[in-house]
Amino acid sequence: MVRSKLTAYIGFAARARKLKSGDFTCEKLMKQKKVQLMLLDSGVSANTREKYEAMCSAAEIDCLYIEDLGRLIGKDAHKTAAVTDRHFAGIIREAYQATEQAN
């Protein structure tokens, strides 16, 4: 049940166009300081993981790892996503923490 809330919130953010995906787009948004929360697929490569962890720590942004992220946002090939709205970022962060506590 808790996992379904997380997936629903990610889907809502995507449908509201407050979630941008793709490596180039996310990197560009990070440089423009428009990202409130960074989402990475749990199967992302080590180089991509290190790159985004470094950018997120420098910008003091949370970076969460979501299983099957591309499928949740409707773009299977995309492994990175940036939430640009602070309200969506907050509810996704809360749902993620609830999921982690349930496991």
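Please enumerate the residues belonging to the stretch 62-79 that are among the charged types (D, E, K, R) and either free of Cβ contacts under 8 Å to residues at least 24 places away in the same chain or over 7 Å from residue 40 (Cβ atoms) (or both).
Residues satisfying the conditions are 62, 67, 68, 71, 75, 76.
Give all pairs with beta carbons closer than 9 Å in which a residue from the stretch 21-32 that is under 15 Å from residue 63 (Cβ atoms) and in contact (Cβ under 8 Å) with a residue 12 or more places away in the chain meets a residue that is assigned to a helix (DSSP H, G or I) and of a type in the set (S, T, N, Q); count only pairs at least 6 apart in sequence or on separate chains.
From residues that are under 15 Å from residue 63 (Cβ atoms) and in contact (Cβ under 8 Å) with a residue 12 or more places away in the chain, the pairs are 23/48.
So which residues in the stretch 45-78 are buried (at least 17 other Cβ atoms within 10 Å of the Cβ), aliphatic (A, V, I, L, M) and not in a helix (DSSP H, G or I)?
61, 64, 66
Take the conditions assigned to a helix (DSSP H, G or I), closer than 19 Å to residue 5 by Cα, touching a residue at least 60 places away in the same chain (Cβ under 8 Å) and not β-branched (Val, Ile, Thr) and apply them to residue 89. Does it pass?
In short, no.
Report the residue count in the stretch 28-44 for those that are of a type in the set (Gly, Ala, Ser) and either closer than 20 Å to residue 95 by Cβ or crowded, with 20+ Cβ neighbours inside 10 Å (or both).
1
Find the residue count for the stretch 25-39, including only residues that are touching a Ser or Thr at 6+ places or on another chain (Cβ under 9 Å) and over 21 Å from residue 87 (Cβ atoms).
1
Laboratory data are not the source of any read-out in this text; all were calculated from the coordinates shown. Predicted, not measured: the structure shown is a model, and the values here were computed from it. Note that we place each Cβ from the backbone using ideal geometry, even for glycine, and neighbour counts take in every protein chain shown.
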